[in-house]
1. Please work out the FRET efficiency for the pair His171 and Lys49, using the Cβ-Cβ distance as r and a Förster radius of 25 Å; give the result to the nearest 0.05.
2. How much of the accessible area of segment 15-158, probe 1.4 Å, is carbon plus sulfur, in whole percent?
3. Can you tell me which aspartates and glutamates have their Cα less than 19 Å from the Cα of Lys97? Leave out same-chain residues fewer than eight positions away.
4. Just to be sure I understand the model, the point goes 7 Å from the Cα along the line to the Cβ. What's the resulting Phe21 to Asp180 distance in nm?
5. Choose one answer from Tyr55, Tyr118, Tyr169: the residue with the largest mean-square fluctuation in a GNM of the chain with alpha-carbon springs under 10 Å.
6. With unit charges on the beta carbon (Lys/Arg positive, Asp/Glu negative), name the residue among Ala86, Ile152, Asn102 whose Cα is farthest towards the positive pole of the charge dipole of the chain.
7. Extending each Cα 7 Å along its Cβ direction at Ser75 and Lys131, get the distance between those two points in nm, one decimal.
8. With springs only between Cα atoms under 10 Å apart, run a GNM on the chain and tell me which of Gly24, Gly150, Gly82 wobbles the most.
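The values are calculated or read from the model by the stated rules, or taken from the named source; none is laboratory data. Since we're looking at a predicted model, the values are computed, not measured. Because the Cβ atoms are built from the backbone with ideal geometry, glycine has one as well, and the counts that use them run over all protein chains shown. Heads up: the accessible areas ignore ligands, DNA and RNA and are worked out on the full protein's heavy atoms, side chains in. Shrake-Rupley method; radii C 1.70, N 1.55, O 1.52, S 1.80 Å.
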Amino acid sequence: PDLNPDDPNGKPKPLEQLNKFMKGQYCDLAVDAGGTFHAVFTDQPDPFKPAYLYYRASADGATWSEPKNLSDDESDLSAGYGLIIADGNGALYAIWKYVPRNCILDGPGGVQGGIIAYRCLNGGAWSKIVKLTDAGNPGYSWFPGLGPHGEIHVIWSQMAVDARKAMPYSHSDYADLVLDAE
């Protein structure tokens, strides 16, 4: 951190807290080509509400934009583990998995089935929420990657539709497909 010039002892400036409600669990950070920091993190505004994925940006690493709720779709589902990644053109993608709000969030391991979703920040505006999976056939483990031409890929595990119909109460051990969305 920068030293505080007003402090004769040269103590560091206090850091600004990213989360607002003190219930933060997951956080990820990306830095764009211009040096701006982009953070996504989960936080819960109320113990009786789901956790949401929030976004904040900082041009100087010390002051941050107001939190923007990216995941609130009024479904009563919580946003689990989320990541942020830039594509080769500088667009940012915030990606997360919706899970039931009363479950234990599972992180990158993907044990809890859920709806994998993303939003894209391009030209200063966020896209609408795009859902890659649905509640009828949830995704499990997932991760983003950058393709050879700068495109974003989201890879996830999921059960085959016929297997899911035969075993509706199954779990991640039965996720026999690996899917890719570009």
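1. On the way: r = 26 Å, r/R0 = 1.04.
Taking R0 as 25 Å, the efficiency between His171 and Lys49 is 0.45.
2. Carbon-and-sulfur percentage of accessible area, whole number: 54.
3. Filter leaves Asp28, Asp43, Asp72, Asp73, Glu74, Asp76, Asp106, Asp134, Asp173, Asp176, Asp180, Glu182.
4. Distance between the two pseudo-spin positions: 3.7 nm.
5. Greatest mean-square fluctuation among the candidates belongs to Tyr169.
6. Going by the charge dipole, the pick is Asn102.
7. Each label point lies 7 Å from its Cα, and together they span 0.4 nm.
8. Result for the chain, Cα springs under 10 Å: Gly150 fluctuates most.
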